[in-house]
Amino acid sequence: MKPIEIENKLREVVSRLIFEVKLSTNQNRQDVNLVSEDAWIPILKTVLQCPYLKNLNKEKKNFPGIDLGDFTNRVAIQVTSTTNIDKVKSTLKTFKEKNYNNSFDELFIFVLVDKQKSYSQEAIDKIFDNQIEFIANKHIIDPGDILEKLTSFRVGVQTDDVVQ
């Protein structure tokens with residue numbers, strides 16, 4: 001399969017996942033979110049360069065504040081279908097209260113649907129007081145961001161992709 005075909009197929013699957021999450025969330029069903037945590041791990045491992053990323057909820061049911069973690073590379077990820085700033089602030093507060101900065105240097109919030117267009121960096125900065133860097137437009141990511149990063153991994157075009 002050519003790289004462009006893989007990207008197209010992945011985009012198709014991700015589009016279906018986003019739609020499923022939106023519908024499930026509207027029905028107040030969270031089971032798709034739990035399945036999504038595991039489903040996204042292989043992709044997030046590659047994109048965020050966290051080869052030891054694992055589901056923390058499997059170690060401790062309902063792990064507080066974060067869902068995925070790579071203790072070796074010190075990266076934590078909250079997986080959510082909630083897009084608002086209150087969810088972001090809640091995650092950041094829990095991260096701070098639980099002193100996760102002792103185990104993780106970087107926190108991402110992975111929104112399973114389309115994230116908001118913007119988030120208040122000022123509101124975020126008030127929570128962390130420069131204890132950890134959390135930049136909304138870098139650390140709040142969604143499937144579109146992941147697909148964009150995967151596409152950027154493709155360097156050049158293979159010879160069999162060239163139209164003659």
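With K115, K138, K87, K93 as the choices, which residue is more than 25 Å from A39 (Cβ to Cβ) and either modelled with pLDDT of 90 or more or not in a loop (DSSP other than H, G, I, E, B) (or both)?
Answer to the check: K93.
Looking for whichever is within 22 Å of S15 (Cα to Cα) and either surrounded by fewer than 22 Cβ atoms within 10 Å (Cβ to Cβ) or modelled with pLDDT of 95 or more (or both) here; the options are F110, F63, F104, F71. Which one fits? Quick ask: steps written out before the conclusion?
Details: F63 fails: within 22 Å of S15 (Cα to Cα); F104 fails: within 22 Å of S15 (Cα to Cα); F71 fails: within 22 Å of S15 (Cα to Cα).
The unique qualifying residue is F110.
Could you check the range 43-52 and list, in sequence order, the residues that are surrounded by 11 or more Cβ atoms within 10 Å (Cβ to Cβ) and over 17 Å from T91 (Cβ atoms)?
Within the range 43-52, I43, K45, T46, V47, Q49, C50, Y52 qualify.
Could you say whether any residue in the range 60-83 is in a helix (DSSP H, G or I) and within 22 Å of I135 (Cα to Cα)? I'd like the intermediate steps shown before the answer.
Keep residues of the range 60-83 that are in a helix (DSSP H, G or I), which gives none.
The answer is no, given that none of the residues of the range 60-83 is in a helix (DSSP H, G or I) and within 22 Å of I135 (Cα to Cα).
Which is touching a helix residue (DSSP H, G or I) at 6+ places or on another chain (Cβ under 6 Å) and basic (K, R), of K58, K2, K9?
Details: K58 fails: touching a helix residue (DSSP H, G or I) at 6+ places or on another chain (Cβ under 6 Å); K9 fails: touching a helix residue (DSSP H, G or I) at 6+ places or on another chain (Cβ under 6 Å).
From the options K58, K2, K9, the qualifying one is K2.
Using beta carbons and a limit of 6 Å, which pairs, at least six apart or on different chains, have the first residue in the range 15-42 and surrounded by fewer than 18 Cβ atoms within 10 Å (Cβ to Cβ) and the second one modelled with pLDDT of 70 or more and among the hydroxyl-bearing types (S, T, Y)?
Pairs found: N33/S81.
The values are calculated or read from the model by the stated rules, or taken from the named source; none is laboratory data. Since the structure is predicted, the reported quantities are computational estimates derived from the model, not experimental observations. Glycine also receives a Cβ, built like all others from the backbone with ideal geometry; neighbour counts cover every protein chain displayed.
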